[in-house]
Amino acid sequence: MTGQTDENQWLTAAECAERLGLTVRALRVYESRGLISPRRTGKNWRLYGAEEFARLNEIVALKRLGLSLSRITALLGGQTADLDRTLALQQSTLIDLHERVERSLNLIAASRQKIAAGESVSITELIDIAKETKMTDASSDAVAWRRYEQAKPRKEVQVEPSLLPEYEGAYQFGFGAIMTITRRKGGLSAQLTGQPIIDIYPEREDHFFYKIVPAQLSFVRDAEGNVASLVLHQNGYEQIAPRLEDEAAKSAADALEKRVRDKVPLPGSEALLRRLIDEHQRGEPDYDRMSPPLAELAREQAATIEADLARLGPLQSVSFKGVAQDGWDVYDVKFANGALEWAFALGADGKFSGIYLRPLL
C-alpha cells in the first residue's frame with residue numbers, strides 16, 4: 001500500500017496508526033467517541049479509508065491547537081469531515097512554523113556576519129535569538145513537520161561508486177546503540193545493534209533512505225571532507241551518531257557482547273525500573289529523565305499505561321531476566337493481578353532512551 005487513499009484503497013488499524021503517527025489504541029478511542037466509523041470486514045477487522053483519514057486529520061490538527069478530546073468531540077459531533085477546512089488549518093500552522101524558522105535563520109545569519117567581521121554580538125541580540133529559536137526538537141510542530149518530511153516518497157538515484165567506501169564504518173548513538181554501515185553489491189547496508197541488516201539506497205550524495213520503513217540516513221562531513229557522523233531521521237526526530245574508530249567500535253561491541261553473555265545489568269538497573277514503575281502508577285512520569293523522542297511518545301501513552309497499571313494492582317516483585325542483543329535490560333515484573341515484561345535502555349547522558357512493557361507470556 002502507498003498510504004494514499006481513495007474509495008478503493010483501505011488500510012488496517014496498524015497501518016493507519018503508523019502512517020499518521022498515532023497508536024491503535026487512539027483509533028479505538030476516537031471510534032468509541034463516534035468520531036470515526038471504520039469499515040468492518042467479514043472477520044470484523046477494521047479498515048480505514050479516505051473518509052476516516054480526512055476526519056483523523058481534523059482530530060490531529062485540532063489537538064495540535066491544544067483542544068481536549070472532549071472539546072473536539074463536541075466540536076465535530078454530527079458533522080462530516082471538512083477536508084478543505086482541515087488543510088487550511090494545517091496550512092496556517094505550517095506557514096507560522098516556516099515564518100518562525102525564517103526569522104530564526106535571519107537572526108543567526110546576521111550575528112554570524114558580525115562575528116566574521118570582528119564585531120561583537122550584543123546581549124539583546126542573543127536574547128532575541130534565544131526567544132526565536134525556543135522551538136525545541138520535541139515541540140509538536142517541529143516533530144509533525146519532520147515526520148511529514150520523512151514519510152514522503154523517496155527516489156533512488158545513482159551516486160559515484162567511489163564514494164561508498166567513505167561511508168563504511170561504525171557510528172554510535174547517544175543511547176548506546178551502534179549503527180554499522182557495510183558495502184553490499186551495488187550499494188550499502190545498515191545494521192543497528194541487535195537488529196537485522198537492512199539495505200539503504202541513495203537519494204543524493206551523502207543522503208540515503210530505507211525502503212521498508214519511512215526513515216533516512218544522512219552522513220555529515222568534517223572540515224576536511226571526511227565522513228564524521230551520521231544522522232538517523234525517523235519518527236519526526238533526528239538522532240546523531242558520531243563515527244567510531246575501528247578500535248573503539250570493536251571495544252564497544254565486545255563490551256555489549258560480554259554484558260549480554262554474562263547477563264550483567266546496568267548499574268542501579270532495578271532501582272531505576274522500580275522508580276519508573278512507581279512514577280507511572282502515580283501518573284507522574286519524569287519526562288526530564290527521558291530522551292526527547294521517548295518523552296514525546298511517553299506523554300502520548302501515559303494515560304493508557306497508568307490505567308493498565310491500576311488494573312494490575314500493587315507491585316509484588318521485579319526479576320532481572322538478562323540483557324537483550326541491543327543492550328536493553330529486561331525484567332519480569334509481577335503485580336497483584338498480572339505480570340508484564342519491562343525493558344529499558346539508557347543513553348550516554350544517563351537518560352532513558354527506550355522503554356517498553358508488554359504482557360508476560
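None of the figures in this text is laboratory data; all of them are computed from the coordinates on show. This structure is a prediction, so every number in the text was calculated from the model and none was measured. Cβ: placed from backbone, ideal geometry, glycine included. Neighbour counts: every protein chain shown.
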### Message
Projecting each Cα onto the charge dipole of region 263-359 (Lys/Arg +1, Asp/Glu -1 at the beta carbon, about the Cα centre), which of Q316, L297, Y287 comes out farthest on the positive side?
### Response
Q316
### Query
Could you give the distance between the Cα centres of region 171-218 and region 238-305, to the whole Å?
22 Å
### Task
Provide the gained length on full extension for the span V213 to T124, in nm with one decimal, where the gain is 0.36 nm per separating residue minus the Cα-Cα distance.
27.6 nm
### Message
For a quick check: with amide H placed at 1.01 Å from N, whose amide H comes under 5 Å from L360's, ignoring anything fewer than 5 positions away on the same chain?
### Response
A339, L340, E341
### Message
If the only charges are +1 at each Lys and Arg Cβ and -1 at each Asp and Glu Cβ, what is the size of the charge dipole of region 161-254 around the Cα centre, to the nearest 20 debye?
### Response
380 debye
### Query
Under a 5 Å amide H to amide H cut-off, with H placed in plane at 1.01 Å, what residues pair with L35 once short-range neighbours are removed?
none
#### Entry: Residue order, fewest to most surrounding Cβ atoms within 10 angstrom, among F53, F208
F53, F208
#### Entry: Calculated FRET efficiency for the pair L105/K63, C-beta based, R₀ 30 Å, to 0.05
0.60
### Query
Taking H as built 1.01 Å from N, whose amide H comes closer than 5 Å to the amide H of A215, not counting residues under 5 places away?
Y210
### Query
Under the classification rounded if a/c is under 1.5, otherwise prolate if a/b is larger than b/c and oblate if not, where does region 11-81 fall, given a ≥ b ≥ c as square roots of the Cα gyration tensor eigenvalues?
prolate
## Note on the structure
A correct Karplus calculation of ³J(HN,Hα) over region 225-232, with 6.51 cos²θ - 1.76 cosθ + 1.60, θ = phi - 60°, whole Hz and x for Gly and Pro, returns x, 8, 5, 10, 6, 10, 10, 8
### Task
Please work out how much length the chain gains when fully extended from L75 to A14, using 0.36 nm per residue of separation minus the C-alpha to C-alpha distance, in nm with one decimal.
19.3 nm
### Query
What nm value, rounded to one decimal, do you get for the distance between V231 and R184 when each label is placed 7 Å out toward the C-beta?
2.5 nm
